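The values are calculated or read from the model by the stated rules, or taken from the named source; none is laboratory data. Because the structure is predicted, anything quoted here is derived from the model rather than measured. Here the Cβ is made from the backbone with ideal geometry for all residues, glycine too, and neighbour counts use every protein chain on show. All accessible areas refer to the heavy atoms of the entire protein, side chains included, with ligands and DNA or RNA removed. Shrake-Rupley method; radii C 1.70, N 1.55, O 1.52, S 1.80 Å.
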Amino acid sequence: MKSFVIGDKLAENLAQQLDLDFILIEDRIFSDGEVLPRLAKEEKIDKAILIFQKKQEENINAYLIKYFLLLRKIKEFTREIICIMPYLSYARQDYIFQEGEPLSVLYIAELIEKNADVFITCNMHEHRKKIEDLFKIPAYNVFLFQDLAEKFEDFSSSNSIVIGPDKESKAFVDDFCKKFPAEKIIFEKTRDVKTGKISFLFDKSYDFTGKDVIIVDDIVSTGRTILQTAEIAKGLKAKTISFAFIHSIFGDKAVEELSKINPKKIVFTNTLENFQFSVDITKELAKCILENKLI
Ligand code: R5P
């Protein structure tokens, strides 16, 4: 029995790196929004690695349903399944902020581990729950900030400041600075849970004159967090602004939004579909699979 990587172009890349066979997934969407995924072929499998991106125009819930349908289908003819969800959605709902809300990320994890034997994701939004708090099966959170940092080789680290917009981003900044040892500054962000409005606390005496500022975060969704951070850095006289982040929730649209302030560089990954990524995640995923002897 063979082992296969099943999915989209990420799966094809990963299969090449792991020297495994690849099975393509096709899908149809009906007019009412129902999804019908289909495996290009079906045969008895020893180990299957399931991985595909959320497409740019796809709703995140449609992506999740597609993932669960495929996982359940693959289970029927596979001995062991390694699930890779490059972006674990609902991870920001890792706490009951207001009475009556679901602990969404835990419930998603419970659904995954019904049929999966191993789970891998990239830079899960581990603000209040760690990956091991969610999964009972072996679960790995692959950190990619050092891969982002490698794209700043043309910057001088002694003339740069790396900023994290909130206290949770300290871990991201620390990881980034292992490869790019620059001065680190962490702001404090507060978000009104009812209106979603954000504001920042920082030392008003900072002076970034002549400095290249790199703003590092895990997720860019509306772009508000890193754009507001950039405005503050500009106000503190930064020479240039750059952005480095992992998940571009709206794909290439984030680049359009962030480009409006004319940044020196924008670096991000392909955990979600986009055509302007600078870091291909399959290299680190292959490393994680091999180092942990998962195949
Ligand atoms: C929040 O805690 C995250 O780390 C990101 O800062 C946040 O999700 C980004 O969202 P947005 O781009 O909508 O400000």
Subject >> For the chain, calculated [θ]222 nm from helices alone, where every DSSP H run of n ≥ 4 adds -39500 (n - 2.57) >> reply: -8000 deg cm²/dmol
Original post:
Roughly how many Å² is the accessible area per residue of the chain, as a whole number, for a 1.4 Å probe?
Top reply: 47 Å²
**OP:** Would you mind calculating the relative contact order of the chain from Cα pairs under 8 angstrom and at least 6 residues apart, reporting the percent as a whole number?
**Re:** 14 percent
Original post:
Under a point spin-label approximation (7 Å from Cα along Cα-to-Cβ), what is the residue 231-residue 256 distance to one decimal in nm?
Top reply: 2.1 nm
**OP:** Considering the convex hull of the alpha carbon atoms of region 149-228, report its projected area averaged over all viewing directions, in nm², one decimal.
**Re:** 5.7 nm²
**OP:** Give me the number: length gained by fully extending residue 107 to residue 194, i.e. 0.36 nm times residue separation minus the C-alpha to C-alpha distance, one decimal in nm.
**Re:** 29.0 nm
Original post:
Over 20 Å between Cα atoms, which of 66/129; 151/179; 2/41; 47/75; 44/293; 151/211 qualify?
Top reply: 66/129; 44/293
**OP:** Run the accessible area of region 1-160 with a 1.4 Å probe and give the carbon-and-sulfur part as a rounded percent.
**Re:** 48 percent
**OP:** Express in whole angstrom the spacing between the alpha-carbon centres of region 218-255 and region 110-168.
**Re:** 18 Å
Original post:
What is region 101-232's relative contact order, in percent, from Cα pairs under 8 angstrom and six or more apart in sequence?
Top reply: 21 percent
Original post:
Under the Kirkwood approximation for Rh and a Cα-based Rg, what ratio Rg/Rh is obtained for region 115-178?
Top reply: 1.08
**OP:** Give me the angle, in degrees from 0 to 90, between the Cα long axis of helix 104-113 and the longest principal axis of the Cα atoms of the chain, rounded to the nearest 10.
**Re:** 30 degrees
**OP:** Name all residues of region 237-256 having a backbone nitrogen under 17 Å from the label point set 7 Å from the Cα of residue 179 along its Cα→Cβ direction, giving them as ranges.
**Re:** 242-248
**OP:** Throw me the Rg/Rh for region 149-295, computed over C-alpha atoms with Kirkwood Rh, two decimals.
**Re:** 0.98
Original post:
At what distance in nm do the modelled label points of residue 80 and residue 158 sit from each other, each positioned 7 Å from its Cα along Cα→Cβ?
Top reply: 4.9 nm
Original post:
So what does log10 I(q)/I(0) come out to for region 160-203 at q = 0.20, 0.21, 0.27 Å⁻¹, using the Debye formula with one equal point on every Cα and no solvent?
Top reply: -0.63, -0.67, -0.89
**OP:** Any chance you could tell me what percent of the C-alpha pair distances in region 1-119 go past 24 Å?
**Re:** 29 percent
Subject >> Net charge dipole size for the chain [Lys, Arg +1 and Asp, Glu -1 on Cβ; Debye, nearest 20] >> reply: 360 debye
**OP:** Would you kindly calculate the mean projected area, averaged across all directions, of the convex hull enclosing the Cα atoms of region 21-90, in square nanometres?
**Re:** 5.0 nm²
**OP:** Could you work out the mean projected area of the convex hull around the alpha carbons of region 62-205, in square nanometres to one decimal?
**Re:** 11.6 nm²
Subject >> Per DSSP, loop GluC sites (Glu not before Pro) in region 98-161 with at most 16 further Cβ within 10 Å >> reply: 99, 153
Original post:
Nearest 20 debye, what's the magnitude of the dipole of region 194-235 about its Cα centre given +1 on Lys and Arg Cβ and -1 on Asp and Glu Cβ?
Top reply: 260 debye
Subject >> At q = 0.06, 0.08, 0.13, 0.16 Å⁻¹, base-10 log of I(q)/I(0) for the chain (Debye sum, equal scatterers on each alpha carbon) >> reply: -0.21, -0.37, -0.93, -1.30
Subject >> Options 109, 82, 93, ranked by Cα towards positive dipole end of region 74-114, top entry (Cβ charges) >> reply: 82
Subject >> Dipole-positive endmost among 125, 135, 202 within the chain (Cβ charges, Cα centre) >> reply: 202
**OP:** Can you pull the one-decimal nm distance between simple spin-label points at residue 17 and residue 150, each 7 Å off the Cα toward Cβ?
**Re:** 0.9 nm
